[in-house]
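Undergrad: I have a structure I would like to understand better, so I am pasting it below and will then ask my questions one at a time.
Just so you know, all these numbers are worked out from the coordinates, no wet-lab data involved. None of the values given here were measured: they were computed from a predicted structure.
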Amino acid sequence: MILHDPVPRNDRIVGAYITETVAREILERQGYACAACGTAVTADGAHFDHIVPVILGGQHTARNMHALCLLCHHRMMLLQRDWFARRSDEEPKA
Ligand SMILES: [Zn+2]
């Protein structure tokens with residue numbers, strides 16, 4: 001079973017699920033600015049985040065990812081953690 005698309009040999013992996021080519025595509029789309037606050041981000045300093053979380057079916061594609069600054073990425077992770085915690089509290093118990 002293939003879990004991910006094969007990565008071309010000359011395309012360096014820069015994150016858990018993202019290659020240099022995809023990172024550059026995202027950063028160019030956003031004008032090298034954080035998608036949340038607009039702070040300038042670089043290829044080395046950007047944090048790449050899934051717009052639709054993987055656990056909800058989001059893909060590891062440029063279309064489903066955006067670049068955030070460190071602070072916004074941490075804020076986003078806290079919001080997602082709280083959302084999942086509230087969601088699991090609301091689910092009916094068997
Ligand atoms: Zn930001």
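Undergrad: Figure the gain on full extension for Arg86 and Asp44 (residue separation times 0.36 nm, minus the Cα-Cα span) and round it to one decimal in nm. Please report the intermediate quantities before stating the final value.
TA: On the way: separation 42, 0.36 × 42 = 15.12 nm, distance 3.35 nm.
Answer, rounded to one decimal: 11.8 nm.
Undergrad: Report, to one decimal in Å, the Kirkwood hydrodynamic radius for the range 20-90 based on all distinct Cα pairs. Before the final figure, lay out the partial values.
TA: Working: mean 1/r = 0.0792 Å⁻¹.
The answer is 12.6 Å.
Undergrad: Please list, in chain and number order, the residues 5+ apart from Met65 or on another chain whose amide H is under 5 Å from its amide H, with Hs placed from the backbone.
TA: Amide H neighbours of Met65: Ile51.
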